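A.B. asks: This structure is in structure tokens; I'll ask about it shortly.
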Amino acid sequence: MEINELTPAELQVWHAFPRGEVVDFRPDAEEDAATGAGWGPERTLRASVLKALLVSAPQEDGEIAALRVLGARITGALDLTHAVIDHPIRLSHCHFTDPPDLYGTQLRRLSLRGSALPALDLGSAHIDGVVQLSECRVRGRISLRGAQISGALLLERAELTARDDDGEPVLELTHAAIGDELRATGLRATGEVRLNGAHVSGSIRLDGARLSRPGQVALDAITLGVDGDVLLRRADVDGWIGLRGARIAGRLDLSYARLSNPGDMVLRATSCTVGELWLRRGDPLDGGLNLRRAQIDVLFVEPEKLPDRVRLDGLGYTTLTPHEPAERRLPMLEREIDGYVPHVYEQLTAVYRRIGDDNAARLVQLAKQRRHRTTLPWYGRLWGHVQDATVGYGFRPMRALGWLLSLLAVGSLSFALHAPPPLKADEAPDFNPVFYTLDLLLPVISFGQEPAFAPEGGQQWLSYVLVLTGWILATTVIAGVTRTVSRQ
């Protein structure tokens, strides 16, 4: 491009480029780039001029060339597809009339901070440094699909809005690789944010973000890999979050977050691996929680944060914090959508045993048996009620002793007041109401009293009751002890 074809604004940028000088067209540093459609020719640059400048502009010895422009209106499409650009690019607080196309471009550093764009394509781009998109306003799609960024990707306080919900994400990082962190605190995204298959060597920071796509996926991160944390503290999400198969080495922090997807799952984290999951503070999740087959080292969950519907089958966790009594944790298991799932009770029992809270572990096992009872036919439920009332399915063995002592007292008193007649008066031993009652209550064991005397009338019916209850107590005690020993 000939220099005599340039406008005064373009000429100013052309001369500043070889020395890396900043050209600031803004009359006010607080100016909003969204108003740039009305900016005049004194601050208008053609995208073709910027392309020629980056690709073929002359260098000055001893200087580091860079494109540094603030507050310009850039007309036409900045097409740098597959270009190799050796100079840093900073087009901050600029207004783009057409979407820049940087697909497959190799860059050193890119900053579009505070700019307004119709869209941006950085698919398969390779950037050696930071990509700065903070405070940008984009009314279309930002694509970083397959991009390789050695530094950080910054989207703090950016506003991304889809033109229409055609199924395409407003921010796509599918299979992208970020060498540092993805920092998007305060992000505003109306539409899907897609991170499927991406890998972030640092952390993902979405604190205070607002993601809106009601009734559909707002944040899709299937098989996402993060070497640090994923922070969604105080985030506001309308729609659901998908983390199926994700691998998060650090913390998935949803403290104070408001997640809403009424009538469906709000967090789908099946088959994922997470160092720590924090569900604490703030309102309960407005929608279901799906953690099936997830593996979590530390599960930091406050009971008040959990929704009314959960799917926890196959969920494994090493530590459950904060420590709460079993009565506070059991409602979480009773909200299981799939009904009775034995695994969830065994997992919670194992956690209580690991910290030495055997009483809580027994309560969880008792709750498991009671929940299982609801799945049985009527005769199984009847027998279950008997085991529950007598020995608490083996977890309340002192109940059996209480029943035995009560029946022993009733029988002893009855037979002491009215001793049953002997079968053979000359051969019968001296009658002892206590040992006679024990003979009736305890199967197998015999004190020689029961076969020597024959109760009559009401006492005969009392003896039948004592024999029957004795067998029931013995059977339930043996079943409970066997169950307890097998668990140990």
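A.B. asks: Across region 228-244, in residue order, what do the Karplus-derived ³J(HN,Hα) couplings come to in whole Hz, using 6.51 cos²θ - 1.76 cosθ + 1.60 with θ = phi - 60° and x for Gly and Pro?
C.D. replies: Values per residue, Gly and Pro as x: x, 9, 10, 10, 10, 5, 6, 6, 10, 10, 9, x, 10, 10, x, 10, 4 Hz.
A.B. asks: Let me ask something else. When you count, for each residue, the other Cβ atoms within 10 Å and take the mean per peptide, how do 457-464, 260-267 rank with the highest first?
C.D. replies: In decreasing order of mean packing, 457-464, 260-267 become 260-267, 457-464.
A.B. asks: Shifting gears a bit: In region 1-74, which GluC sites (Glu not before Pro) fall in coil by DSSP and have 12 or fewer other Cβ atoms within 10 Å?
C.D. replies: When the GluC sites (Glu not before Pro) of region 1-74 are filtered for loop state and at most 12 Cβ neighbours within 10 Å, 2, 30, 60, 63 remain.
A.B. asks: How large is the dipole of region 182-261 about the Cα centre if only Lys and Arg carry +1 and Asp and Glu carry -1, each at its Cβ, rounded to the nearest 20 debye?
C.D. replies: Using Cβ point charges on Lys, Arg, Asp and Glu, region 182-261 gives about 100 debye.
A.B. asks: Please enumerate, by chain and number, the lysines with C-alpha under 19 Å from the C-alpha of residue 424, excluding those fewer than 8 residues away in the same chain.
C.D. replies: In chain and number order, there are no partners.
A.B. asks: Taking the dipole about the Cα centre of the chain, with the C-beta of Lys and Arg at +1 and of Asp and Glu at -1, give me whichever of 422, 22, 445 is farthest to the positive side.
C.D. replies: Result: 422, furthest along the dipole toward the positive end.
A.B. asks: Just want the answer: with Cβ charges of +1 for Lys and Arg and -1 for Asp and Glu, which residue in 67, 57, 39 is farthest toward the dipole's positive end in region 37-76?
C.D. replies: Result: 39.
A.B. asks: Related question: As an exercise, find the ratio Rg/Rh for region 6-138 from alpha-carbon atoms, using the Kirkwood inverse-distance average for Rh.
C.D. replies: Using Cα coordinates only, the ratio equals 0.93.
A.B. asks: In addition: Mind checking which lysines have their C-alpha under 25 Å from residue 305, skipping anything on the same chain fewer than 8 residues away?
C.D. replies: Partners found: 368.
A.B. asks: Mind pulling the per residue volume of the convex hull built on the Cα atoms of region 92-203? Å³ is fine.
C.D. replies: Looking at region 92-203, the number lands at 78 Å³ per residue.
A.B. asks: In addition: Count charges around residue 447 for me, please; just the other residues with Cβ under 15 Å from its Cβ, Lys/Arg as +1, Asp/Glu as -1.
C.D. replies: Neighbour charge sum, excluding residue 447 itself: -3.
A.B. asks: What are the ³J(HN,Hα) values, in whole Hz, obtained from phi via the Karplus relation 6.51 cos²θ - 1.76 cosθ + 1.60 with θ = phi - 60°, for each residue of region 25-33 in sequence order, with x given for Gly and Pro?
C.D. replies: 8, 6, x, 9, 5, 8, 5, 8, 5
A.B. asks: Please name which of 225, 401, 295 has its Cα lying farthest along the dipole of the chain towards the positive end, using unit charges on Cβ (Lys, Arg +1; Asp, Glu -1) and the Cα centre as origin.
C.D. replies: 401
A.B. asks: While we're looking at this one, here's another question. Using the Karplus curve 6.51 cos²θ - 1.76 cosθ + 1.60 with θ = phi - 60°, what ³J(HN,Hα) values do you get for each residue of region 279-289, in whole Hz, with x for Gly and Pro?
C.D. replies: Each residue of region 279-289 in turn: 10, 8, 6, x, 6, x, 4, 9, x, x, 10 Hz.
A.B. asks: A further question follows. Between region 269-321 and region 114-142, what is the C-alpha centre distance in whole Å?
C.D. replies: Here the two parts' Cα centres lie 34 Å apart.
A.B. asks: I'd like the FRET efficiency for residue 168 and residue 357, computed as 1/(1 + (r/R0)^6) with the beta carbon distance as r and R0 of 51 Å, rounded to 0.05.
C.D. replies: My answer for the efficiency is 0.50.
A.B. asks: Between the helical axis of 458-487 and the dominant principal axis of the chain, each derived from Cα atoms, what acute angle in degrees is found, rounded to the nearest 10?
C.D. replies: Approximately 40 degrees, to the nearest ten.
A.B. asks: Could you report the accessible area of residue 341 in Å², rounded to 10, computed with a 1.4 Å probe on the protein chains as they sit in the structure?
C.D. replies: Only protein atoms counted, so the area is about 10 Å².
A.B. asks: Please get the size of the charge dipole for the chain, origin at its Cα centre, with Cβ charges of +1 on Lys and Arg and -1 on Asp and Glu, quoted in debye to the nearest 20.
C.D. replies: Value, rounded to 20: 1100 debye.
A.B. asks: Here's a follow-up. Along the principal axes of its C-alpha atoms, what lengths does region 278-405 span, in descending order and rounded to whole Å?
C.D. replies: Result, largest extent first: 50, 33, 24 Å.
A.B. asks: Per DSSP H run of at least 4 residues, take -39500 (n - 2.57); add these up for the chain, divide by its residues and hand me the 222 nm value, nearest 500 deg cm²/dmol.
C.D. replies: When only DSSP H runs of four or more count, the value is -8500 deg cm²/dmol.
A.B. asks: While we're here: Relative to 2.2 N^0.38 Å, what does the C-alpha radius of gyration of region 145-269 come to as a ratio? Two decimals please.
C.D. replies: In units of the globular-protein estimate, region 145-269 measures up at 0.95.
A.B. asks: Then there's this: Could you tally the net charge around residue 422, taking each other residue with its Cβ under 13 Å from the Cβ of residue 422, Lys/Arg +1 and Asp/Glu -1?
C.D. replies: -4
A.B. asks: Using a cut-off of under 20 Å, list every residue of region 449-473 whose amide N is near the label point 7 Å from the Cα of residue 417 along the Cα-to-beta-carbon line.
C.D. replies: Under 20 Å, as judged by backbone N against the label point of residue 417, lie 454-467 of region 449-473.
A.B. asks: Another question, if that's okay. Considering amide H positions built from the backbone, and no H for Pro or chain starts, which residues 5 or more places from residue 287, or on another chain, come under 5 Å of its amide H?
C.D. replies: Amide H neighbours of residue 287: 261, 308.
A.B. asks: log₁₀ I(q)/I(0) of region 226-281 at q = 0.16, 0.18, 0.20, 0.30 Å⁻¹, via Debye over equal Cα point scatterers, no solvent, to two decimals?
C.D. replies: So the normalised log intensities are -0.46, -0.58, -0.72, -1.28.
A.B. asks: Okay, next question. Go through [x] -0.47, -0.92, -1.01, -1.10; [y] -0.28, -0.96, -1.13, -1.29; [z] -0.25, -0.87, -1.04, -1.23 and flag the label whose value is the computed log10 I(q)/I(0) by the Debye sum over Cα atoms at q = 0.06, 0.11, 0.12, 0.13 Å⁻¹ for this structure.
C.D. replies: [x]
The values are calculated or read from the model by the stated rules, or taken from the named source; none is laboratory data. Bear in mind the structure is a predicted one, so any value in this text is a computation, not a measurement. Methodologically, a virtual Cβ is constructed for each residue, glycine included, from the backbone with ideal geometry; neighbour enumeration extends over all protein chains shown. Side chains are part of the model used for accessible areas, which takes the heavy atoms of the whole protein and leaves out ligands, DNA and RNA. Shrake-Rupley method; radii C 1.70, N 1.55, O 1.52, S 1.80 Å.
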